[in-house]
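Taking it in order: structure first as structure tokens, then the write-up.
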Amino acid sequence: MIRPFLFTSLSAAMLAAIGVAACGGGGGDGGNTNAVGGGGSATTTSSSSGTITGFGSVFVNGVEFETDEAVFNVDDNPDALESDLDLGMVVTVTGTVNDDGVTGAAEQIEFNHDLEGPISDVPQLDADGLTKTFTVLGTIVIVDTNGTVFDDSDPGFTFDTIAQLDVVEVSGYLDETEVLHATRIEQRENATFNPDRTLDGVEIKGLVSNLDATQNTFNVRELAVQVTGATDQSDLPGGLAEGIFVEVNGTLSADGTTLTAVKIEREGFDDDAGEVELEGFVTDFVDTSSFSVNGILINAANAEFEPATLDATLTDGMHVEVEGSIDGGILDAEKVKGREGKIKIDAVVASVSGNTINMGLVEGQPTIGVTVDTETRMEDKLTDLSPFTVADISAGDFLEIKALQAGGGNITATQLKRDDPDDVVLQAPVEASDSAAQTLTMLGVTIATDAATEFQSSDDDDLDSSAAFFNALTAGTLVKVKDELVDDISDGVADEVEFEEED
């Protein structure tokens, strides 16, 4: 999915709310058993743009879409199959939603890449070893060990092995700085870029900028695009124009700086799209009546916010889901839901009760209950089970969870991955601390520190002492604690404690 683009005078009705992803085949890397079955007789026409979070049907934006009558258009192939879809792809679903709000029927599911091209620099690992940053077609891309699905059909392509000159297909969300946060990535046919040759089949989506009608050139972010007499512009009824949202397919020059367009297509929602749901990052925030998500101008002045405090904290860079209808190129929002997922829990499952997973971190301490819903993206890296559902999770499984905390303190997973056991991690706002005892409490769990604990700032710099940490600590501060897993549990004394950025 393309980011909430910065724009001033563009017509949002023609802009794409879709994000796209790399086709990996074998739809069913995830699953979800939490949708309400059956649905009601009443239905609403719907256009939904978001990440595929599960299969069994297809789960997008918390709705389980039945696909028996659906057609699939994947990478401009109108004869694609559901098996061409995969977890982490950002798709656009056109269809109907039942009056229960969580089931529906898809008429069409469409998917394309946000980016397809070579990695131009050496991927840089962050200090925590959790993310890598690199550039594709002039766009900065971030992959995350928890948040990005790596195509597992190629065991040689992983977070650890991704390299300069790999030709990759990326799907994700662009933030307010035009950085693409990948939800799915794969290497194209084990391909690597040869700088001595051009590369066909390169794709990019974004806004037309720096349009030069004389030279027949424009930019999509940092990438120069050359239009020729052979370029297919049949899907541009109004022709090229500054600020319109397009998908460009073509041939990349050997130096990697210019894309000669083979085909240019216009993307976007129309006013007759019906109810619209889209996921992405907030940009151009003025107030709740004027901000953008994925290039679509949003008016949420009369919207319901979830959690209720979101209207007071909404700002650029926040990850949200918006529901409403398009009118005159503006999405009049009925609901805005936060999808920040600042909470992280990597630990062993103590028990499972319905859709609640109780995570055990420290022996003798309370477990942390995490709810899985229809919007939770679930991935099984342990056995590659597909689909993977809550029913497949058992006590003793090691899970890596990203979650958000809604009203009433309820913790809901946005992403869940089952994997081999690793360090216990808890990231959450601090509820209480005791500098004398050198303890801190998060989500009801009290963690101790000692002389061996490493304390770090939010910049990953070592702090001089535990006193420097506790003196700076206040209730509500976001902190990450890490401890070695021993016999399926933490000993309750942190190996590392680190301040985390609030943004």
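The values are calculated or read from the model by the stated rules, or taken from the named source; none is laboratory data. Owing to the predicted nature of the structure, the values given are computational and were not obtained by experimental measurement. In this analysis, Cβ positions are derived from the backbone assuming ideal geometry, glycine residues included, and neighbour counts consider all displayed protein chains.
Worth a mention:
- Residue that is farthest from GLU323 (Cα to Cα) [pool: residues in the range 95-116 that are crowded, with 23+ Cβ neighbours inside 10 Å and hydrophobic (A, V, I, L, M, F, W, C)]: LEU115
- Residue match in the range 271-289 (condition: of a type outside the set (Lys, Arg), without any contact (Cβ under 8 Å) to a residue 60 or more places away in the chain, surrounded by fewer than 17 Cβ atoms within 10 Å (Cβ to Cβ) and assigned to a strand (DSSP E or B)): yes
- Hey, VAL170 within 12 Å of the chain's Cα centre (by Cα), at pLDDT 95 or above and under 12 Å from PRO118 (Cα atoms) or not: yes
- For the range 173-204, filtering for residues that are more than 20 Å from the chain's Cα centre (by Cα) and not polar (S, T, N, Q) leaves 11.
- Residue check, GLU186 buried (at least 16 other Cβ atoms within 10 Å of the Cβ), modelled with pLDDT under 95 and under 22 Å from VAL122 (Cβ atoms): yes
- Residue list for the range 58-98, restricted to those being more than 28 Å from ASP232 (Cβ to Cβ), part of a strand (DSSP E or B) and of a type in the set (Ser, Thr, Tyr): THR96
- When the residues of the range 360-388 are filtered to those that are in a loop (DSSP other than H, G, I, E, B) and of a type in the set (Asp, Glu), the one that is surrounded by the most Cβ atoms within 10 Å (Cβ to Cβ) is GLU375.
- Checking each residue in the range 315-351 for being out of contact with any helix residue (DSSP H, G or I) (no Cβ under 8 Å at 6 or more places or on another chain), of a type in the set (Gly, Ala, Ser) and not in a loop (DSSP other than H, G, I, E, B) picks out GLY324, SER325, ALA333, ALA347, ALA350, SER351.
- When restricted to residues that are assigned to a strand (DSSP E or B) and over 17 Å from the mean Cα position of the chain (by Cα), the range 115-133 contains 6.
- Which listed residue, of THR133, THR94, is over 18 Å from VAL167 (Cα atoms), of a type outside the set (Asp, Glu) and out of contact with any Phe, Trp or Tyr (no Cβ under 8 Å at 6 or more places or on another chain): THR94
- Scanning the range 242-270 for residues that are modelled with pLDDT of 90 or more and outside any strand (DSSP E or B) gives GLU242, SER253, ALA254, ASP255, GLY256, THR257.
- Residues satisfying the criterion are present in the range 464-479 (criterion: surrounded by 13 or more Cβ atoms within 10 Å (Cβ to Cβ), touching a Pro at 6+ places or on another chain (Cβ under 7 Å) and not basic (Lys, Arg)).
- For the range 129-158, the tally of residues that are farther than 18 Å from LEU399 by Cα, touching a strand residue (DSSP E or B) at 6+ places or on another chain (Cβ under 8 Å) and not polar (S, T, N, Q) stands at 13.
- Looking only at residues in the range 62-94 that are on the phi > 0 side of the Ramachandran plot and either in contact with a Gly (Cβ under 6 Å, 6 or more places away or on another chain) or not charged (D, E, K, R) (or both), the one that is surrounded by the most Cβ atoms within 10 Å (Cβ to Cβ) is GLY88.
- Residue identified as outside the structural domain of ALA182 (by TED's automatic domain parsing), in contact (Cβ under 8 Å) with a residue 60 or more places away in the chain, of a type in the set (Gly, Ala, Ser) and buried (at least 17 other Cβ atoms within 10 Å of the Cβ) among ALA391, ALA428, ALA413: ALA428
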